Amino acid sequence: MAQRIDKQQVLIVGGGYAGALAAVRLAGKAKDRAAVTLLEPRTELVQRLRLHQLATGQKVRAYDIAALTGKRVTNVRGTAVAIDPGRGRAAVAQDGRLTEIPFDQVLLAAGSGDDLDSVPGLRENTHTLGDPPAAERLWGALRELTEGSRVVVCGGGFTGIEAASEIACRRPELRVSLLTAGRLGAPFSERGREQLEKRLAKRGIEPIEGERVGAVEPGRVTLVGGTDLEADLVVWCGGFAAPPLIRDSGLPVDSRGLLAVDGSLRSVGHANVIGAGDVAAIPDFPGGARYRMTCQAGMPSGAHAADTVLAAIKGEDPKPFDFGYIHIPLSLGRGDGLIQFVDRADRPKDKVLVGRRAAVYKEIVTRSPAPSIAWERRLPGMLRWPSGGKASAAQAETATGPAWADGADRD
Ligand SMILES: Cc1cc2nc3c(=O)[nH]c(=O)nc-3n(C[C@H](O)[C@H](O)[C@H](O)COP(=O)(O)OP(=O)(O)OC[C@H]3O[C@@H](n4cnc5c(N)ncnc54)[C@H](O)[C@@H]3O)c2cc1C
């Protein structure tokens with residue numbers, strides 16, 4: 001059993017869905033046993049769930065992080081540039097100068113960013129939905145396009161589908177193509193795929209399946225086979241990567257550069273480093289599901305990470321993080337959506353919700369994170385989530401998740 005330590009300095013890096021939730025839960029549950037500092041460069045909660053709306057010129061409600069997290073959490077504006085677990089120090093860039101913040105434990109929840117190094121030309125010639133400034137730049141570019149211009153959305157994961165649908169909905173006079181290496185809606189049931197195909201066609205979106213992007217140059221996308229697609233604007237939704245902070249700090253990472261953590265979300269190399277949300281390479285759940293970069297799993301991971309930090313403060317052994325999925329909720333432009341219900345292990349059920357009712361369902365899901373953080377602040381420990389269930393004999397034997405989940409995050 002670990003040794004009990006009195007009042008600890010806990011630094012949480014990243015005030016997104018996972019980090020803000022972790023901050024209020026820990027501050028509320030630990031009371032006088034922890035001083036919780038939340039380090040975040042922005043004052044407003046980044047609502048990534050709405051970035052495709054921001055990218056099409058829609059107004060998005062803002063939430064002030066300090067107001068959401070309350071007085072028990074010390075909010076500091078700044079960006080962590082390196083973490084030194086041995087010295088218990090984070091190097092932080094603040095207003096053009098470098099300072100240090102000491103910690104006993106650090107909880108990393110710095111999210112993920114666009115993966116722009118996997119294909120030549122992405123950085124120079126594409127737009128993305130990686131963060132609010134990128135989404136706003138995309139809207140600036142979309143607004144300039146004239147009737148009949150072609151937008152090629154690369155990446156047919158959930159972000160690509162939502163982005164293409166939103167663009168086609170907002171600017172129906174443009175030609176929108178959605179290009180994917182695999183099959184659109186691959187994680188869905190047969191019915192889910194049929195519905196997706198039908199609804200994308202209704203929006204006038206041209207699907208291009210089974211093709212990989214080899215390079216992007218001004219005015220064109222070159223496929224791996226050598227074919228050129230003309231494009232007036234290219235949107236890259238081809239996946240997300242770990243922020244440089246993790247690798248720059250020399251912390252143990254997985255093959256994708258994500259923070260390698262154990263089942264209780266502690267870094268495999270440093271017991272005083274904990275990870276949550278997109279930044280962490282969270283091991284598969286006992287019920288067979290794999291962690292996907294989602295808010296659905298990210299907020300529970302933030303809550304669990306807070307509990308792991310608290311366990312160390314109390315001198316207790318941390319519990320393993322267990323999580324089960326419910327759904328894959330997609331918006332398909334305004335007024336349409338597709339909710340693919342899944343079992344706890346993330347395998348699609350036959351049940352699918354579409355149309356206006358799905359759009360309302362998705363809107364409720366999208367609205368929920370900020371109020372959930374506020375509720376957790378008022379009633380620390382209230383956030384609960386479904387368990388992934390026990391591993392079946394077959395799963396335990398093969399230790400694999402659902403077939404489609406190989407290498408797949410949200411995209
Ligand atoms: C367009 C789009 C739609 C999506 N829709 C859904 C959906 O419908 N359902 C779903 O479940 N998931 C969805 N996702 C995925 C979901 O948004 C992410 O999985 C989720 O945001 C991860 O939460 P997080 O807290 O780990 O990271 P983020 O929400 O990315 O927060 C990370 C925070 O860390 C801060 N930060 C970064 N680096 C540093 C640093 N060095 N120092 C200090 N702070 C730092 C950032 O400013 C940010 O505030 C969507 C994603 C996108 C892009």
*With both partners inside the chain, how many of the DSSP beta bridges are antiparallel, as a percent to the nearest 5?*
50
*Listed residues Ile364, Ile161, Ile101, most fluctuating in the chain (Gaussian network, C-alpha, under 10 Å)*: Ile364
_Local electrostatic count at Leu129 - Lys and Arg +1, Asp and Glu -1, tallied over other residues with Cβ under 9 Å_ = -2
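Compute and list, largest first, the equivalent-ellipsoid semi-axes of the range 1-62 from the alpha carbon gyration tensor, each √(5λ) rounded to a whole angstrom. Write down the numbers at each step before the final one.
Details: eigenvalues 218, 19, 17 Å².
The answer is 33, 10, 9 Å, longest axis first.
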*Could you give the angle, 0 to 90 degrees to the nearest 10, between helix 295-314's Cα long axis and the longest principal axis of the Cα atoms of the chain?*
10
*When you count, for each residue, the other Cβ atoms within 10 Å and take the mean per peptide, how do 129-140, 266-277 rank with the highest first?*
266-277, 129-140
*With unit charges on the beta carbon (Lys/Arg positive, Asp/Glu negative), name the residue among Leu200, Trp139, Cys237 whose Cα is farthest towards the positive pole of the charge dipole of the range 118-237.*
Leu200
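Compare the peptides 252-263, 224-235 by average per-residue count of other Cβ atoms within 10 angstrom and give them in order, highest first.
Most protected by this proxy first, the peptides run 252-263, 224-235.
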*asked:* If I fit a long axis through the Cα atoms of helix 132-144 and take the longest principal axis of the Cα atoms of the chain, what angle between them do I get, 0 to 90°, rounded to 10?
replied: 10
_Karplus-derived 3J(HN,Hα), 6.51/-1.76/1.60, for each residue of the range 26-38, Hz, glycine and proline x_ = 5, 4, x, 7, 7, 6, 7, 7, 9, 9, 9, 10, 10
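Using only the alpha carbon atoms of the chain, find the Kirkwood hydrodynamic radius as the inverse mean reciprocal pair distance, in angstroms to one decimal. Don't skip to the answer; put the middle values down first.
Working: mean 1/r = 0.0457 Å⁻¹.
Result for the chain stands at 21.9 Å.
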*If you place +1 on the Cβ of every Lys and Arg and -1 on the Cβ of every Asp and Glu, how big does the dipole about the Cα centre of the range 118-237 come out, in debye to the nearest 20?*
320
*Along its principal axes, what span do the Cα atoms of the range 118-237 show, with the longest given first and each in whole Å?*
38, 32, 27
_Please compute the length gained on full extension between Gln94 and Lys314, using 0.36 nm multiplied by the number of residues separating them and subtracting their Cα-Cα distance._
76.0 nm
_Using a 7 Å offset from Cα along Cα-Cβ at Thr43, what residues in the range 16-32 end up with backbone N under 18 Å from the label point?_
16
*Between Arg191 and Asp84, with labels modelled 7 Å along Cα→Cβ, what's the label distance in nm to one decimal, could you check?*
5.9
*Value of [θ]222 nm, deg cm²/dmol, for the chain, DSSP H segments ≥ 4, -39500 (n - 2.57) each, nearest 500*: -8500 deg cm²/dmol
_Inter-site label distance for Asp248 and Glu147 at 7 Å from Cα along Cβ, in nm_ = 4.8
_Give the lysines reachable from Lys198 as a straight Cα distance under 29 Å; neighbours fewer than 8 places away on the same chain don't count._
Lys59, Lys349, Lys351, Lys362
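The numbers here are math on the coordinates, done by the rules we state, and not lab data. These numbers were taken from a predicted model, which means no experiment stands behind them. Glycine also receives a Cβ, built like all others from the backbone with ideal geometry; neighbour counts cover every protein chain displayed.
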